[in-house]
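The structure is given below, and queries will be raised subsequently.
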Amino acid sequence: MKTILILISFLFLTNSNVMHEDTPLQIDKNGNIIGLPKEFSPAKFDLNKKTLRINDKEIVFPKCLNYYFEEHRNPKLNLSASWYHSKDIMPYYLNFSISDKSVNYGYTILVDLETLELIYVEKPRTEGNTTYNPEIELEKKCLNEYKNGIKTIF
């Protein structure tokens with residue numbers, strides 16, 4: 001039994017994905033996303049226009065996704081990203097976390113950092129000490145609008 005516990009502990013300590021944390025990012029007054037490596041530059045997000053640019057890709061979020069940025073009365077937007085894990089597990093990503101202290105739920109929009117493809121939208125909610133992260137099923141029309149909205153800038 002002791003050997004099994006040591007083996008399990010070793011696996012947890014050596015597997016960086018178990019201890020993985022996103023890197024917090026900032027948005028300056030000009031919409032520049034601060035904290036990403038140069039390979040993802042330029043990086044900008046305009047909350048008013050719902051436009052995201054990473055390197056040579058740009059997306060204007062379709063109206064069907066704007067709701068998640070605008071639904072809260074006092075929204076707080078946090079950005080984080082991960083680009084230092086194995087792409088075999090998950091693509092490098094940018095995480096939009098939208099919350100409001102006055103309610104027990106928020107929204108998470110996860111976007112592929114390299115292609116800007118939408119990975120998922122979730123609606124995390126907290127009940128007591130437990131957080132639930134159900135994925136929101138978007139309509140096919142919304143998904144197509146998003147995918148067709150990704151542009152390459154030359």
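Which numbered condition trips up residue 103, out of (1) open to solvent by 50 Å² or more (accessible area, probe 1.4 Å); (2) under 16 Å from the mean Cα position of the chain (by Cα); (3) β-branched (Val, Ile, Thr)?
It fails just one condition, (2).
For the stretch 50-79, name all the residues that are open to solvent by 20 Å² or more (accessible area, probe 1.4 Å), free of Cβ contacts under 8 Å to residues at least 60 places away in the same chain and part of a strand (DSSP E or B).
51, 76, 77, 78, listed by residue number.
Test of understanding: among 42, 37, 24, which residue is at pLDDT 95 or above, under 19 Å from the mean Cα position of the chain (by Cα) and farther than 22 Å from residue 154 by Cβ? Explain how you work it out, then say what you get.
Values: 42 fails: farther than 22 Å from residue 154 by Cβ; 37 fails: farther than 22 Å from residue 154 by Cβ.
One residue alone meets the criteria, 24.
Please go through the stretch 137-154 and pick out each residue that is touching a residue at least 24 places away in the same chain (Cβ under 8 Å) and surrounded by 11 or more Cβ atoms within 10 Å (Cβ to Cβ). Explain how you work it out, then say what you get.
First, the residues of the stretch 137-154 that are touching a residue at least 24 places away in the same chain (Cβ under 8 Å): 138-139, 141-143, 145-147, 149-154.
Hits for the stretch 137-154 are 138, 142, 143, 145, 146, 147, 149, 150, 151.
Report yes if residue 124 is surrounded by 15 or more Cβ atoms within 10 Å (Cβ to Cβ) and over 15 Å from residue 40 (Cβ atoms), otherwise no. So that I can check it myself, show each step before the final result.
Numbers: surrounded by 15 or more Cβ atoms within 10 Å (Cβ to Cβ): yes; over 15 Å from residue 40 (Cβ atoms): yes.
Yes.
Take residues that are under 18 Å from the mean Cα position of the chain (by Cα) and either on the phi < 0 side of the Ramachandran plot or aromatic (Phe, Trp, Tyr) (or both) and tell me which of the strands (runs of 3 or more DSSP E) falling wholly in the stretch 110-154 contain 3 or more.
Working: elements: 118-122, 125-127, 130-132.
In the stretch 110-154, the matching strands (runs of 3 or more DSSP E) lie at 118-122.
The values are calculated or read from the model by the stated rules, or taken from the named source; none is laboratory data. The model shown is predicted, which means the values in this text are computed figures rather than measured ones. Heads up, the Cβs are rebuilt from the backbone with ideal geometry, glycines too, and the neighbour counts pull from every protein chain shown. These accessible areas exclude ligands, DNA and RNA; they are computed on the full protein's heavy atoms, side chains included. Shrake-Rupley method; radii C 1.70, N 1.55, O 1.52, S 1.80 Å.
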